[in-house]
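Student: There's a structure below that I have some questions on.
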Amino acid sequence: MKRRAGAALAMCLVATSSALAGCASTITSPIALDYLGRHQEARVLTADGGTGGLSAVGYDSEHDVFYLAGLADPGAGSATPSADLNPGFHVTRMRLHSDGVRSVQVLRSHSWTTVSGTASDIPSINLKRWIATSGAEAIAADPRRNRLYWSSAGEPMSDGENPTIRVADIHGLTLGTFTLPRALRASGSHRVRADHTLTGLALTPTGRWLWAAMRGPLLQDGPLPTPARGALTRITRFDPDTRTATAQYAYPLDPSTGAESENGLSDLLALDDSSFLAVERGSGPKSARIFHATVGDADNVLDRPALDGQTVRVVTKTKVLDFAAEPGLPPLGRFQGVTLGPVLPDGRQSVMLVSADGIAGARDHQVLTFALRSARCEIRPHIRGYQLPQFSATGPKGTAPCHTHETPE
């Protein structure tokens, strides 16, 4: 019998203390996820046998294809296959059944390329370094504009290379880059942390906005999460046509978990223009948690250079699924991305989570399939012991989390 994670947690934050108490507003119809099944796939992931890794996933609903970003060998199977794997992506089709994905068919593989392959094409990018070493941390498909968006982490602590969001055509040809807000760049008085940069991208269903998530807080926004305290990271809203940021909001991270005591915002999935499924992940194989996050009346912090010690109203989030607390769910491994999939025969929307053990890992990739629905219940959120810096919630403490729901076999 499939089970849905029953605990729900919400935050309406308006600052000034070091602990969260609770909030008075009642949340109706929170998002629920029903687990359907797991599909494991070998690390050989190119159309003709070349080996590739996996680092991100995006879905094109108009053409029913998934984009799996990682390492690609577009010459695999040809008379002159590539000697080395390049950062790129695989265009795949997944066969979906009531118990999840049954198979993954790789249709073609592409490397990320430029018009001439020289650094002079886009002066702001070190293309020689990028083509040699950088892969996609996140990928989003835009079938209306016939484009792909992908982010890379940069090297903020070593050579000052900025995190970047790039625009490409469906064959991987670079069309340009987004202009990042100054706070997200790796230069000047504003600094991003290595390995805590742009790990999530989500295009809204209307195609109006592209959202980008930072894994962890900027240096000027406070310390990383600890087992006793959460932290703040930022999510940024971009206009895909102008490629500029239009708004930015503070997202509250949970305290850290796992053997290495980590937690960060790993990816976003846009449900509409201002709400998401947000995946936070620590260091353990079952440390992932999925939240329903809503911008609501959160403060726009696009022009705030620092959040540490400041009063700010943050994004509201409700816990949907905790891999550590939900029996019957397999370990997620190294989570790489979340995306919507096709609509299921019963009308529910499918959601796919993909994971891997890294480029050098020996174990397979896996795709976990869930069905998205409304839980049809009400909660009064109650928050205990989150210990986020500089925040408190207003109103009386609430009670009554949603009950666990079960879906028949």
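This table checks each residue for (1) surrounded by fewer than 21 Cβ atoms within 10 Å (Cβ to Cβ); (2) at pLDDT 95 or above; (3) under 16 Å from the mean Cα position of the chain (by Cα); (4) within 21 Å of Thr197 (Cβ to Cβ).
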site	(1), (2), (3), (4)
Leu269	no, yes, yes, yes
Pro285	yes, no, no, no
Asp308	yes, no, no, yes
Ala324	yes, no, no, no
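Student: Oh, and also: Return the only residue of Leu340, Leu321, Leu332, Leu302 being within 23 Å of Ser61 (Cα to Cα) and not polar (S, T, N, Q).
Tutor: Within the list Leu340, Leu321, Leu332, Leu302, the selection yields Leu340.
Student: Let me ask another. Quick check: anything in segment 234-250 under 18 Å from the mean Cα position of the chain (by Cα) and more than 20 Å from Pro163 (Cβ to Cβ)?
Tutor: The answer is no; no qualifying residue exists.
Student: Also, I was wondering about something else. Any residue that is crowded, with 16+ Cβ neighbours inside 10 Å, modelled with pLDDT of 50 or more, under 30 Å from Ala245 (Cα atoms) and among the hydrophobic types (A, V, I, L, M, F, W, C) - is there at least one of those in segment 370-393?
Tutor: Checking segment 370-393: at least one residue is crowded, with 16+ Cβ neighbours inside 10 Å, modelled with pLDDT of 50 or more, under 30 Å from Ala245 (Cα atoms) and among the hydrophobic types (A, V, I, L, M, F, W, C).
Student: I'd like to know if segment 117-139 contains one or more residues that are surrounded by 16 or more Cβ atoms within 10 Å (Cβ to Cβ), modelled with pLDDT under 55, part of a helix (DSSP H, G or I) and in contact with an Asp or Glu (Cβ under 8 Å, 6 or more places away or on another chain).
Tutor: yes
Student: Exactly one condition in (1) in a loop (DSSP other than H, G, I, E, B); (2) modelled with pLDDT of 95 or more is not met by Ala212; state its number.
Tutor: Here Ala212 clears every test but (1).
Student: Check Leu277 against each of (1) within 18 Å of Ala202 (Cβ to Cβ); (2) over 17 Å from the mean Cα position of the chain (by Cα); (3) of a type outside the set (Phe, Trp, Tyr) and name the one condition it does not meet.
Tutor: With (1) within 18 Å of Ala202 (Cβ to Cβ); (2) over 17 Å from the mean Cα position of the chain (by Cα); (3) of a type outside the set (Phe, Trp, Tyr) applied to Leu277, the lone miss is (2).
Student: Please determine whether any residue of segment 230-250 is in contact with a Lys or Arg (Cβ under 6 Å, 6 or more places away or on another chain), under 21 Å from Phe89 (Cβ atoms) and not acidic (Asp, Glu).
Tutor: No, segment 230-250 contains no residue that is in contact with a Lys or Arg (Cβ under 6 Å, 6 or more places away or on another chain), under 21 Å from Phe89 (Cβ atoms) and not acidic (Asp, Glu).
Student: Any chance segment 255-273 includes a residue that's under 15 Å from Val314 (Cβ atoms) and assigned to a loop (DSSP other than H, G, I, E, B)?
Tutor: Taking every residue of segment 255-273 in turn, none turns out to be under 15 Å from Val314 (Cβ atoms) and assigned to a loop (DSSP other than H, G, I, E, B).
Student: So is Ala213 farther than 28 Å from Leu68 by Cα, crowded, with 19+ Cβ neighbours inside 10 Å and aliphatic (A, V, I, L, M) or not?
Tutor: no
Student: Got at least one residue in segment 93-108 being closer than 30 Å to Thr236 by Cα and either modelled with pLDDT under 80 or buried (at least 19 other Cβ atoms within 10 Å of the Cβ) (or both)?
Tutor: No, because not a single residue in segment 93-108 is closer than 30 Å to Thr236 by Cα and either modelled with pLDDT under 80 or buried (at least 19 other Cβ atoms within 10 Å of the Cβ) (or both).
Student: From the list Val351, Val343, Val367, Val320, pick out the single residue that is surrounded by fewer than 20 Cβ atoms within 10 Å (Cβ to Cβ), out of contact with any helix residue (DSSP H, G or I) (no Cβ under 7 Å at 6 or more places or on another chain) and at pLDDT 85 or above.
Tutor: Answer to the check: Val343.
Student: Continuing with the same structure: Run down Leu218, Leu253 and say which single residue is among the aliphatic types (A, V, I, L, M), touching a residue at least 24 places away in the same chain (Cβ under 8 Å) and over 16 Å from Val301 (Cα atoms).
Tutor: Going through Leu218, Leu253 in turn, the sole match is Leu253.
Student: Out of (1) surrounded by fewer than 22 Cβ atoms within 10 Å (Cβ to Cβ); (2) more than 18 Å from Leu372 (Cα to Cα), the odd one out for Gln336 is which?
Tutor: For Gln336, the exception is condition (1).
The values are calculated or read from the model by the stated rules, or taken from the named source; none is laboratory data. A quick note: this is a predicted structure, and the numbers were derived from the prediction, not measured. For neighbour counting, all protein chains shown are included, and Cβ atoms are generated from backbone atoms with ideal geometry for every residue, glycine included.
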